[in-house]
Amino acid sequence: MDFELLASGHLAKMKTDHAQPVRYTLPLGDNRIELSPLMGKTIRIEYSGAIHCQHCGRKTKKSFSQGYCYPCFKALAQCDSCMMSPEKCHYDAGTCRQPEWGEEFCMTDHIVYLANSSGIKVGITRMSQVPTRWMDQGAIQALPIFRVATRQQSGFVEDLLREQVADKTNWRKMLKGDVEYLDLAAIRDEVLDNAWNDIVALQKRFGLAAIQAIDDGDVYEFDYPVDEFPTKVTTHNLDKTSTVEGTLKGIKGQYLILDTGVINIRKFGAYHVDFYAQTTV
């Protein structure tokens, strides 16, 4: 089997286009690899052993927070713990690592949503990340249920709803493809009915304009380019095996599904690799 080098560069999360099925492009250095034409072909990813911080370019032995060196991980607002727990935002306390960054990315409209990637879950995302966030998660359905003025406030809403609905994705179940479609509007109505007194309390605290229920939101649906789902999910790890090779059977979320296992592209952000594809059998 012969291979062609398609591109070399540092891995970054795959770009998505909301088509049916979702269209994926892999950024690699200055190149963009269209992945749909590679379905059914054998691909090879060779890790060179070099990692360069996606923010400052510094060479690092270990990637932190999916692509940063340790100094940037400790200094950048997008790497702070409040990104994972937005209700812990400390901007108002004057201790935000980068107040200007926070004003641009956190003090802006966010969506609280229900999604179905491995079953029902609740989550938040910036308005500008709709519907990208859901494709990155491998969701087959998503429904916006609140428009909220800031990231922290959306975190408060999410925190109320996660008492009824999970906020994590079972990525193995998501990759196996055995997820049933759900009536998201009915689930929304039930969840909000149970939490409404607490929601009203948040609206009184921050103002009605800050936390607005979306009563007539459309359900987004997503189909993914998968020829064959794995029956057993095994993972490739570039830190343990520098070469990953296999026939591309599908793409879902940020995972390439190969006949030899799956690889989470986002996990290895900033790793320098050579990307090859089969030319002849």
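The values are calculated or read from the model by the stated rules, or taken from the named source; none is laboratory data. It should be emphasised that the depicted structure is a prediction, and the values quoted were computed from it without experimental measurement. Every residue, glycine as well, gets a Cβ built from its backbone with ideal geometry; the counts of neighbours run over all protein chains shown.
When region 192-232 is examined, which residues are found to be over 18 Å from His110 (Cβ atoms), in contact with a strand residue (DSSP E or B) (Cβ under 9 Å, 6 or more places away or on another chain) and among the β-branched types (Val, Ile, Thr)?
Val219, Val226
Here's a check for you: in region 1-28, which residue that is in contact (Cβ under 8 Å) with a residue 60 or more places away in the chain and hydroxyl-bearing (Ser, Thr, Tyr) is surrounded by the most Cβ atoms within 10 Å (Cβ to Cβ)?
Among residues in region 1-28 that are in contact (Cβ under 8 Å) with a residue 60 or more places away in the chain and hydroxyl-bearing (Ser, Thr, Tyr), the one surrounded by the most Cβ atoms within 10 Å (Cβ to Cβ) is Tyr24.
Has region 125-135 got at least one residue that is surrounded by fewer than 18 Cβ atoms within 10 Å (Cβ to Cβ), more than 19 Å from the chain's Cα centre (by Cα) and either among the charged types (D, E, K, R) or under 27 Å from Pro99 (Cβ atoms) (or both)?
For region 125-135, residues surrounded by fewer than 18 Cβ atoms within 10 Å (Cβ to Cβ), more than 19 Å from the chain's Cα centre (by Cα) and either among the charged types (D, E, K, R) or under 27 Å from Pro99 (Cβ atoms) (or both): absent.
Might you let me know whether region 63-81 holds any residue that is under 21 Å from the mean Cα position of the chain (by Cα), under 22 Å from Gln153 (Cβ atoms), free of Cβ contacts under 8 Å to residues at least 24 places away in the same chain and not in a loop (DSSP other than H, G, I, E, B)?
Looking for residues that are under 21 Å from the mean Cα position of the chain (by Cα), under 22 Å from Gln153 (Cβ atoms), free of Cβ contacts under 8 Å to residues at least 24 places away in the same chain and not in a loop (DSSP other than H, G, I, E, B), one finds at least one in region 63-81, hence yes.
Filter region 231-270 down to residues that are among the small types (Gly, Ala, Ser) and under 22 Å from the mean Cα position of the chain (by Cα) and give me whichever is surrounded by the most Cβ atoms within 10 Å (Cβ to Cβ).
It comes out as Gly253.
Within region 170-179, how many residues turn out to be among the hydrophobic types (A, V, I, L, M, F, W, C) and part of a loop (DSSP other than H, G, I, E, B)?
Selection size over region 170-179: 1.
Since Met39 meets every condition but one in (1) over 29 Å from Asp227 (Cβ atoms); (2) modelled with pLDDT of 95 or more, which condition does it not meet?
(1)
So which of Pro21, Pro27, Pro37 is assigned to a helix (DSSP H, G or I) and assigned by TED's automatic domain parsing to the domain that holds Val262?
From the options Pro21, Pro27, Pro37, the qualifying one is Pro37.
Please determine, by comparing only the residues of region 244-281 that are among the aromatic types (Phe, Trp, Tyr) and part of a strand (DSSP E or B), which one is nearest to Arg23 (Cα to Cα).
Residue satisfying both the conditions and the ranking: Tyr255.
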